[in-house]
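Heads up: the structure comes next, in structure tokens.
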């Protein structure tokens with residue numbers, strides 16, 4: 001008798017679980033469909049701000065960038081996607097400094113991990129949310145991010161030193 005009660009108890013428990021799952025399935029089945037019409041409606045397509053689609057170098061309107069060719073992004077890239085090509089030049093003051101020649105980025109190798117962006121001390125690079133990266137050949141995925149003729153953002157002029165000839169009034 002005890003085994004018969006346990007049998008029906010298990011049967012109705014399983015039936016209740018099945019009906020709960022079916023209720024959820026039917027609710028979703030009759031819900032209004034939300035299909036994105038891509039590529040017909042590209043302009044109204046929503047892409048989240050956090051989406052990492054393509055790396056870009058930030059340039060101002062005057063074609064200046066913030067990259068000092070330190071190579072930290074290249075060192076932190078886990079699979080060698082970034083190659084910073086630089087050369088050392090002597091400036092007008094006679095000091096030698098590194099100058100960015102080419103900032104190469106291979107979109108086909110990129111893991112979109114954002115380690116390069118997070119470790120850049122000058123905030124020279126960022127990810128955009130452009131998502132259409134399909135091409136027919138791998139060579140088109142190798143990009144040079146610095147624009148032709150771009151240069152390092154000039155440093156702001158330092159203020160003139162304060163006049164040291166005047167003595168401040170001494171409180172008595």
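All of the numbers you see were taken from the coordinates with simple rules; none came from a lab. It should be emphasised that the depicted structure is a prediction, and the values quoted were computed from it without experimental measurement. Note that each Cβ is placed from the backbone with ideal geometry, even for glycine, and that neighbours are counted across all protein chains shown.
A compact table of results
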| item | result |
| --- | --- |
| In segment 119-148, the residues that are exposed (fewer than 12 other Cβ atoms within 10 Å of the Cβ), in contact with a helix residue (DSSP H, G or I) (Cβ under 8 Å, 6 or more places away or on another chain) and in contact (Cβ under 8 Å) with a residue 24 or more places away in the chain | 121 |
| Unique match (being in contact with a strand residue (DSSP E or B) (Cβ under 7 Å, 6 or more places away or on another chain), touching a residue at least 60 places away in the same chain (Cβ under 8 Å) and either part of a strand (DSSP E or B) or exposed (fewer than 10 other Cβ atoms within 10 Å of the Cβ) (or both)) among 55, 100 | 55 |
| Residue check for residue 108: in contact with a helix residue (DSSP H, G or I) (Cβ under 8 Å, 6 or more places away or on another chain) and either more than 19 Å from residue 150 (Cα to Cα) or surrounded by 15 or more Cβ atoms within 10 Å (Cβ to Cβ) (or both) | yes |
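Every residue, every condition in (1) over 30 Å from residue 118 (Cα atoms); (2) touching a strand residue (DSSP E or B) at 6+ places or on another chain (Cβ under 6 Å); (3) part of a loop (DSSP other than H, G, I, E, B), yes or no:
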position: 5; (1), (2), (3): yes, no, no
position: 12; (1), (2), (3): yes, no, no
position: 34; (1), (2), (3): yes, no, yes
position: 40; (1), (2), (3): yes, no, yes
position: 46; (1), (2), (3): no, no, yes
position: 62; (1), (2), (3): no, no, yes
position: 67; (1), (2), (3): no, yes, yes
